[in-house]
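Trainee: First the structure, then my questions, so here it is.
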Amino acid sequence: MSRRKLIAGNWKMNGSLAANQALVQDLLAGIGQPACDVAVCPPGAYLGQVQALLAGSQAIALGAQNVSQHENGAFTGDISATMLQDFGVRYVIVGHSERRQHQAETDVHVAIKVKRALSAGITPIVCVGETLREHDEGMTEFIVRRQLSAVIHLNGDDVGRIVVAYEPVWAIGTGKTATPAQAQAVHAVLRAQLKAATSQADDMRILYGGSMNAGNAAELLAQPDIDGGLIGGAALKAADFLKIVAAAR
Ligand code: 13P
């Protein structure tokens, strides 16, 4: 079993031409030859810019934050998987809790988006996670299993080609992190679910996301089933993001 860790920065709706340029330049200047895979996921409007800034870099891959569930056509404002492919996008975040919450994305939408991404050769990073209320009611396992099972159901054995990200909603942007033991327990549940679905489960990466930062990354990443991180706030500061990358080995 050898899983190369993945550290992905989710910039969310932040940045500007000037800020992106400074951030990517600082990342490229400091990253060297990382021991893990690294990706940055800028807003869709900046994919072309960041693609150009990353050109020639083996160290940092380009990711996107969303993909349409439709192939093409009259879907104003949507961006298709083949459009992402055009810009050299290698990863796409699918089913982030902010989209589930604010854009009413359902488990079924998420499952279809995963299929679109895979058919364009893009690796979906599929987010699952429970809200604070669900957490307090002891429903964590039920919720994450339900969210992942929709993706497994629609994608069958192809599910072996996805990355999963466990992002407890109560830990996102709050400074409250799941403890390494808490996160590991959920990751083990997800791994077991993947094992029942695909022979590739031991090679699949399950990332943790939710207030991961330069200070707590090493301890989280030391857990046996935590194979990387999906980083929000700390991905906007080159020094912090690079420290997380350095902790992933
Ligand atoms: P924070 O790291 O800001 O908590 O965000 C996590 C996240 O939502 C990454 O997708």
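The values are calculated or read from the model by the stated rules, or taken from the named source; none is laboratory data. Everything numeric here is computed off the predicted structure, so don't read it as measured data. Note that we place each Cβ from the backbone using ideal geometry, even for glycine, and neighbour counts take in every protein chain shown.
Trainee: If you take the residues of region 212-231 that are small (Gly, Ala, Ser) and either in contact (Cβ under 8 Å) with a residue 60 or more places away in the chain or within 12 Å of the ligand (Cβ to nearest atom) (or both), which of them is surrounded by the fewest Cβ atoms within 10 Å (Cβ to Cβ)? Break it down into steps so the answer makes sense when it comes.
Mentor: Start the filter on region 212-231 by keeping residues that are small (Gly, Ala, Ser), which leaves 214-215, 217-218, 222, 228-229.
Those still in the list that are either in contact (Cβ under 8 Å) with a residue 60 or more places away in the chain or within 12 Å of the ligand (Cβ to nearest atom) (or both) too: 214, 217, 228-229.
On the way: Ala214: 18, Ala217: 26, Gly228: 30, Gly229: 30.
Result: Ala214.
Trainee: Count, please, the residues in region 197-211 that happen to be away from the ligand (no atom under 16 Å from the Cβ), hydroxyl-bearing (Ser, Thr, Tyr) and surrounded by 19 or more Cβ atoms within 10 Å (Cβ to Cβ). Explain how you work it out, then say what you get.
Mentor: Step one: filter region 197-211 for residues away from the ligand (no atom under 16 Å from the Cβ), giving 197-204.
Keeping just the survivors that are hydroxyl-bearing (Ser, Thr, Tyr) gives 198-199.
Keeping just the survivors that are surrounded by 19 or more Cβ atoms within 10 Å (Cβ to Cβ) gives 198.
Of the residues in that region, 1 qualify.
Trainee: Among the residues of region 182-189, is any without any contact (Cβ under 8 Å) to a residue 40 or more places away in the chain, surrounded by fewer than 19 Cβ atoms within 10 Å (Cβ to Cβ), more than 10 Å from the ligand (Cβ to nearest atom) and under 18 Å from the mean Cα position of the chain (by Cα)?
Mentor: So far as region 182-189 goes, yes, one or more of its residues are without any contact (Cβ under 8 Å) to a residue 40 or more places away in the chain, surrounded by fewer than 19 Cβ atoms within 10 Å (Cβ to Cβ), more than 10 Å from the ligand (Cβ to nearest atom) and under 18 Å from the mean Cα position of the chain (by Cα).
Trainee: Mind listing whichever residues of region 58-73 are modelled with pLDDT of 95 or more and loosely packed, with under 12 Cβ neighbours inside 10 Å? Give the derivation first.
Mentor: Going through region 58-73, the residues modelled with pLDDT of 95 or more turn out to be 59-73.
Answer for region 58-73, where residues must be modelled with pLDDT of 95 or more and loosely packed, with under 12 Cβ neighbours inside 10 Å: Asn72, Gly73.
Trainee: When only residues in region 129-145 that are in contact with an Asp or Glu (Cβ under 7 Å, 6 or more places away or on another chain) and touching a residue at least 24 places away in the same chain (Cβ under 8 Å) count, which is surrounded by the most Cβ atoms within 10 Å (Cβ to Cβ)? Spell out how you get there, then give the answer.
Mentor: At the first step, the residues of region 129-145 found to be in contact with an Asp or Glu (Cβ under 7 Å, 6 or more places away or on another chain) are 129, 139-140, 143-144.
Now restrict to residues that are touching a residue at least 24 places away in the same chain (Cβ under 8 Å): 129, 140, 144.
On the way: Gly129: 27, Thr140: 22, Val144: 24.
By that ranking, first place goes to Gly129.
Trainee: May I pose another question? Does Val245 qualify as being over 22 Å from Gly32 (Cβ atoms), modelled with pLDDT of 95 or more and away from the ligand (no atom under 12 Å from the Cβ)? Explain how you work it out, then say what you get.
Mentor: Working: over 22 Å from Gly32 (Cβ atoms): no; modelled with pLDDT of 95 or more: yes; away from the ligand (no atom under 12 Å from the Cβ): yes.
No.
Trainee: Given the structure, is Leu154 among the hydrophobic types (A, V, I, L, M, F, W, C) and either within 16 Å of the ligand (Cβ to nearest atom) or crowded, with 19+ Cβ neighbours inside 10 Å (or both)? Give the steps one after another, and end with the answer.
Mentor: Numbers: among the hydrophobic types (A, V, I, L, M, F, W, C): yes; either within 16 Å of the ligand (Cβ to nearest atom) or crowded, with 19+ Cβ neighbours inside 10 Å (or both): no.
Taking the combined requirement at face value, the residue does not satisfy it.
Trainee: Please enumerate the residues belonging to region 82-135 that are part of a helix (DSSP H, G or I), of a type outside the set (D, E, K, R), under 16 Å from the mean Cα position of the chain (by Cα) and within 13 Å of Gly44 (Cβ to Cβ). Show your work before the answer.
Mentor: Here is the first cut: in region 82-135, the residues part of a helix (DSSP H, G or I) are 82-86, 97-102, 107-119, 132-135.
So of that shortlist, the ones also of a type outside the set (D, E, K, R) come out as 82-85, 97, 101-102, 108-112, 114, 117-119, 132, 135.
Cutting the leftovers down to under 16 Å from the mean Cα position of the chain (by Cα) gives us 84, 97, 110-111, 114, 117-118.
Answer for region 82-135, where residues must be part of a helix (DSSP H, G or I), of a type outside the set (D, E, K, R), under 16 Å from the mean Cα position of the chain (by Cα) and within 13 Å of Gly44 (Cβ to Cβ): just Leu84.
Trainee: Which condition number in (1) away from the ligand (no atom under 16 Å from the Cβ); (2) among the aliphatic types (A, V, I, L, M); (3) within 22 Å of Leu118 (Cα to Cα) is the one that Val67 fails?
Mentor: Failing condition for Val67: (1).
Trainee: Against the conditions (1) closer than 21 Å to Ile93 by Cβ; (2) of a type in the set (Gly, Ala, Ser); (3) more than 15 Å from the ligand (Cβ to nearest atom), where does Gly173 fall short? Just the number, please.
Mentor: (3)
Here's the yes/no breakdown for (1) in contact with a strand residue (DSSP E or B) (Cβ under 6 Å, 6 or more places away or on another chain); (2) surrounded by 13 or more Cβ atoms within 10 Å (Cβ to Cβ):
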| position | (1), (2) |
| --- | --- |
| Asn14 | no, yes |
| Gln25 | no, no |
| Ile31 | no, yes |
| Cys41 | yes, yes |
| Gly56 | no, no |
| Phe75 | no, no |
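Trainee: Do you know which residues across region 88-144 are in contact with a strand residue (DSSP E or B) (Cβ under 7 Å, 6 or more places away or on another chain) and within 13 Å of the ligand (Cβ to nearest atom)?
Mentor: Restricting attention to region 88-144, the residues satisfying the condition of being in contact with a strand residue (DSSP E or B) (Cβ under 7 Å, 6 or more places away or on another chain) are 88-97, 110, 113-114, 117-118, 122-129, 144.
Passing the criteria: Tyr91, Val92, Ile93, Val94, Gly95, His96, Ser97, Ile125, Val126, Cys127, Val128, Gly129.
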